[in-house]
Structures are given as structure tokens and as C-alpha cells.
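Every read-out reported here was derived from the displayed coordinates using simple, explicitly stated rules and does not represent laboratory data. The structure displayed is predicted, hence computed values, not measured ones. So basically every Cβ, Gly included, is an ideal-geometry build from the backbone, and we count neighbours across all protein chains shown.
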Amino acid sequence: MKCPICKHGDTKPGYASITLERGDATLVFKHVPATICDNCGEEFISEEITGSLLERAGRAAAEGVRVDVREYQAA
Ligand SMILES: [Zn+2]
């Protein structure tokens with residue numbers, strides 16, 4: 001699809017690193033499936049994956065995790 005941000009690039013499947021902050025916790029998820037613009041580099045994450053990341057970040061925060069880097073693995 002055409003990138004809705006820059007209107008020039010085409011988006012392609014790839015992987016992104018996503019950082020989430022929940023309270024005191026900062027979580028970095030690597031290799032998150034994403035659609036990435038080949039022109040401006042904007043990363044688009046599906047709602048399903050975003051929901052999964054938020055849930056994991058919330059769980060980590062509840063466990064007292066402060067800073068962590070994790071591999072994203074599809075459930
Ligand atoms: Zn773009």
C-alpha cells in the first residue's frame with residue numbers, strides 16, 4: 001500500500017523495534033512484525049500486535065520489571 005504519512009513510499013513487511021512505557025517500566029520489543037515505508041521509514045503495527053504488546057508491557061510492569069529488552073514472538 002502507499003504510505004499514508006509521506007504519500008510517496010510503498011510499505012513493505014518487515015520488523016521493527018517498539019519501545020513501550022507503562023508506569024515505571026520501559027519495555028523494548030525487538031523483531032516485532034511491522035509494515036515499514038521504504039521512503040520515510042514509518043512503521044505500522046497492526047492493532048492485534050499492538051494489543052499484545054500493551055498486554056505484555058502491562059504484565060511486566062505488574063511483575064516489577066523496570067527496563068527490559070525482549071524478543072517479540074507471536075503467541
Ligand atoms: Zn512513508
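Things worth noting here:
- Where a residue in the range 1-30 is under 15 Å from GLY58 (Cβ atoms) and its partner, wherever it lies, is within 16 Å of the ligand (Cβ to nearest atom), with Cβ under 7 Å and at least six apart: ILE18/ILE45
- One residue stands out in the range 19-58 among those that are out of contact with any strand residue (DSSP E or B) (no Cβ under 9 Å at 6 or more places or on another chain) and within 18 Å of GLN73 (Cα to Cα): the one that is surrounded by the most Cβ atoms within 10 Å (Cβ to Cβ), namely SER52.
- All positions within the range 34-75 that are closer than 13 Å to THR11 by Cα, touching a helix residue (DSSP H, G or I) at 6+ places or on another chain (Cβ under 9 Å) and not β-branched (Val, Ile, Thr): ALA34
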